[in-house]
Structures are given as C-alpha cells and as structure tokens.
Amino acid sequence: MRKLLTIAGSDSIGGAGIEADLKTFCALGVYGMCVITAVTAQNTVGVFDVREMDADIIKKQIDCVFDDTEVDAVKIGMVSSQEIIDAIASSLKRWNPKNVVLDPVMISKSGYYLLKKDAIDALKTKLLPMADIITPNIPEACELTGMNIEGIEDMKEAAKKIVDMGVKAVVVKGGHSVENATDVFYDGNEFLSLPQERIDTKNTHGTGCTYSSAIASYLGRGLSLKDAVINAKSYITEAIKNSLEIGKGVGPVGHLV
Ligand code: PLP
C-alpha cells in the first residue's frame, strides 16, 4: 500500500486540515500519516482560536515518520509561522521526500489568517522550491505574485510567475473566480485548463485541503503531475457535489469511499 504524509493543522469540525487530508487518503486507497503543525478551535461558522505546535515537536514528528518507513508523497497544508516553516524545511531537507504537494494555505473562507503575513516570504523561499506542485487559489496566487488576477489569461500569467519561483508545477484554482471554477495547470512546458461549471452549494469547507490531498494521493500512486491533477479535479468536483449540510455555517465536502 502507498503511504502518504500530511503536514498540516487540525480542524476540530473535521472538514478541512489534517482531518480532510486523512479522509481523502482513505477514500483514495492510500495509508495516511500525519504531522500536526497547529490545532484550531473551529467549526462550520469559523475559526475561533489556534495553538501552534513547537518547532521541536514538529521536527520530531517528521523524523519519526521518515525514520520508520518509506513515504510515497507528502502534502503540506497550514504552516502558520516562519518558525514552523523553518522547522519543516530543515527536516524535509534531511529526508529529501518525493512528490511534495504544497497547499499555500493563507486565510480560511471565514476570514481567519492561518498563515502570518510575515511568513509569506519564508513560504516562497523555503517551502516552494522543495515542492513538486503548489496549489494556490486566486487570492493566494495574487499574494504570491503581487498580481491582480481576474480571468483565465491572468491565471496563466500568474502560473508562469509561480513556476519561475522554483516549483516544478502549479495549479491555480478558479473557485474564487467570478466566472466559473476552471483551474489552470502549468508545468513550465504546457498549460492545461480544467474546466468546471460552478456547483450550486454553500458547503465548500475543506475544498483546498481535499484537492491538494487528492493530488498527493494520485502522485503517490504513481501518476504524473498532470494526470494526478486531472484525477484530483474529478475527485474534488464529486466531493463538492456530495457536500454535507452539517452545522450552522459552511458545511464540509463529502468523501465517497
Ligand atoms: N483549517 C485548517 C486547519 C486548514 O488547513 C484550512 C485550509 O486549508 C482551513 C481551516 C480553511 O478551510 P476553508 O477555507 O475551506 O474553510
């Protein structure tokens, strides 16, 4: 069985973060392992508090996993601070993992900063160059590039700029676009549009986490970057179609096993 590691934050309502990642791994038939970077007190209404883990225990969690077993792919989600980014980057350098998917988690849909503003540079310079693919949504791609992104042409330009920063490939996700939910994949050679009409639901909590974990799962199973993204797009589309009316706010996407 393929073995996948997620390095991310915990979401107490179970829709995003580590919990979404492990549910995705399970649904896609891979064994899930996890390094927790932070604990959020969160529900479908919002994020109410966060406690970051110490850098030391984050490093030890990473070392424990890699010291014991092969890891077929790694997904990195909420990293919260410069100190945590430094800890992850220095530990991963030691183990040189393959198939690294970086979801540059910045702000929750409810508006909570899950990455400190002063840590964006560290994410760009220390984690991005270690990744095989990065998965920004439009606001995150704007933050990474300094661009104002409106349509598909802007998404393509942003994708080029992001690959120039040292990552092998990028998928700029169109879910925040005013048009539809078309994503743009770019690997330095080829652009691929992943068209998708908007699905009419308010329950989209955990979409980013689920999408990046699905990409990691397919990479771990041996697919190419492009095929992993194509398959993950189908997975997230089905997950949004099967989202759950749980709680008083934005319900989670649903994982079909
Ligand atoms: N909580 C954690 C731990 C996350 O990693 C994320 C997103 O990556 C969120 C919350 C936000 O999820 P959403 O914006 O889908 O509600």
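Is it true that ALA214 is in a helix (DSSP H, G or I), within 15 Å of the chain's Cα centre (by Cα) and free of Cβ contacts under 8 Å to residues at least 60 places away in the same chain? Here the answer is no, as ALA214 does not meet what is asked.
Among the residues of segment 102-109, are any free of Cβ contacts under 8 Å to residues at least 24 places away in the same chain and surrounded by fewer than 20 Cβ atoms within 10 Å (Cβ to Cβ)?
No, segment 102-109 contains no residue that is free of Cβ contacts under 8 Å to residues at least 24 places away in the same chain and surrounded by fewer than 20 Cβ atoms within 10 Å (Cβ to Cβ).
Of the residues LYS98, LYS117, LYS124, LYS75, which single one is more than 16 Å from the ligand (Cβ to nearest atom) and either crowded, with 21+ Cβ neighbours inside 10 Å or at pLDDT below 95 (or both)? Result: LYS117 is the single residue among LYS98, LYS117, LYS124, LYS75 that is more than 16 Å from the ligand (Cβ to nearest atom) and either crowded, with 21+ Cβ neighbours inside 10 Å or at pLDDT below 95 (or both). Suppose the filter is crowded, with 19+ Cβ neighbours inside 10 Å and of a type in the set (D, E, K, R); does LYS3 pass it? When the stated conditions are applied, LYS3 does not pass them.
Could you tell me whether any residue of segment 50-68 is closer than 20 Å to SER213 by Cα and surrounded by fewer than 14 Cβ atoms within 10 Å (Cβ to Cβ)? No, there is no match, as no residue in segment 50-68 is closer than 20 Å to SER213 by Cα and surrounded by fewer than 14 Cβ atoms within 10 Å (Cβ to Cβ).
Among the conditions (1) surrounded by fewer than 19 Cβ atoms within 10 Å (Cβ to Cβ); (2) out of contact with any Pro (no Cβ under 9 Å at 6 or more places or on another chain), the only one that ALA169 does not satisfy is (1).
In segment 34-60, the qualifying residues are those that are small (Gly, Ala, Ser) and touching a residue at least 40 places away in the same chain (Cβ under 8 Å), and the one that is farthest from GLU245 (Cα to Cα) is ALA38.
All conditions in (1) under 17 Å from the mean Cα position of the chain (by Cα); (2) closer than 28 Å to LEU28 by Cα; (3) modelled with pLDDT of 95 or more hold for ILE107, with the sole exception of (3).
SER177 passes every criterion in (1) of a type in the set (Ser, Thr, Tyr); (2) within 19 Å of LYS109 (Cα to Cα); (3) assigned to a strand (DSSP E or B) apart from (3). Scanning segment 14-21 turns up one or more residues that are within 11 Å of the ligand (Cβ to nearest atom), β-branched (Val, Ile, Thr), assigned to a helix (DSSP H, G or I) and within 23 Å of ILE215 (Cβ to Cβ).
State which residue is farthest from the chain's Cα centre (by Cα) when the search covers only segment 22-60 and only residues that are within 16 Å of the ligand (Cβ to nearest atom) and part of a helix (DSSP H, G or I). Applying the filter and picking the extreme gives ILE58. Among the residues of segment 140-159, the ones that are surrounded by fewer than 15 Cβ atoms within 10 Å (Cβ to Cβ) and closer than 15 Å to LYS124 by Cα come to 1 in all. Being aliphatic (A, V, I, L, M), in a loop (DSSP other than H, G, I, E, B) and crowded, with 19+ Cβ neighbours inside 10 Å, is that true of even one residue in segment 192-200? Checking segment 192-200: not a single residue is aliphatic (A, V, I, L, M), in a loop (DSSP other than H, G, I, E, B) and crowded, with 19+ Cβ neighbours inside 10 Å.
May I ask you to list the residues in segment 67-90 that are more than 19 Å from the chain's Cα centre (by Cα) and either assigned to a strand (DSSP E or B) or within 14 Å of MET130 (Cβ to Cβ) (or both)? Passing the criteria: only SER90. Would segment 146-158 turn up any residue that is within 16 Å of the ligand (Cβ to nearest atom) and touching a strand residue (DSSP E or B) at 6+ places or on another chain (Cβ under 8 Å)? There is no residue in segment 146-158 that is within 16 Å of the ligand (Cβ to nearest atom) and touching a strand residue (DSSP E or B) at 6+ places or on another chain (Cβ under 8 Å).
Figure legend. Inter-residue proximity from segment 12-33: first residues under 23 Å from ARG51 (Cα atoms), second residues in a helix (DSSP H, G or I) and of a type in the set (Gly, Ala, Ser), beta-carbon distance below 7 Å, spacing 6+ or different chains. Indicated pairs: ALA20/SER213; ASP21/SER213.
The values are calculated or read from the model by the stated rules, or taken from the named source; none is laboratory data. Values in this document were obtained by computation on a predicted structure and should not be read as measured data. Cβ atoms come from the backbone with ideal geometry, glycine included; neighbour counts cover every protein chain shown.
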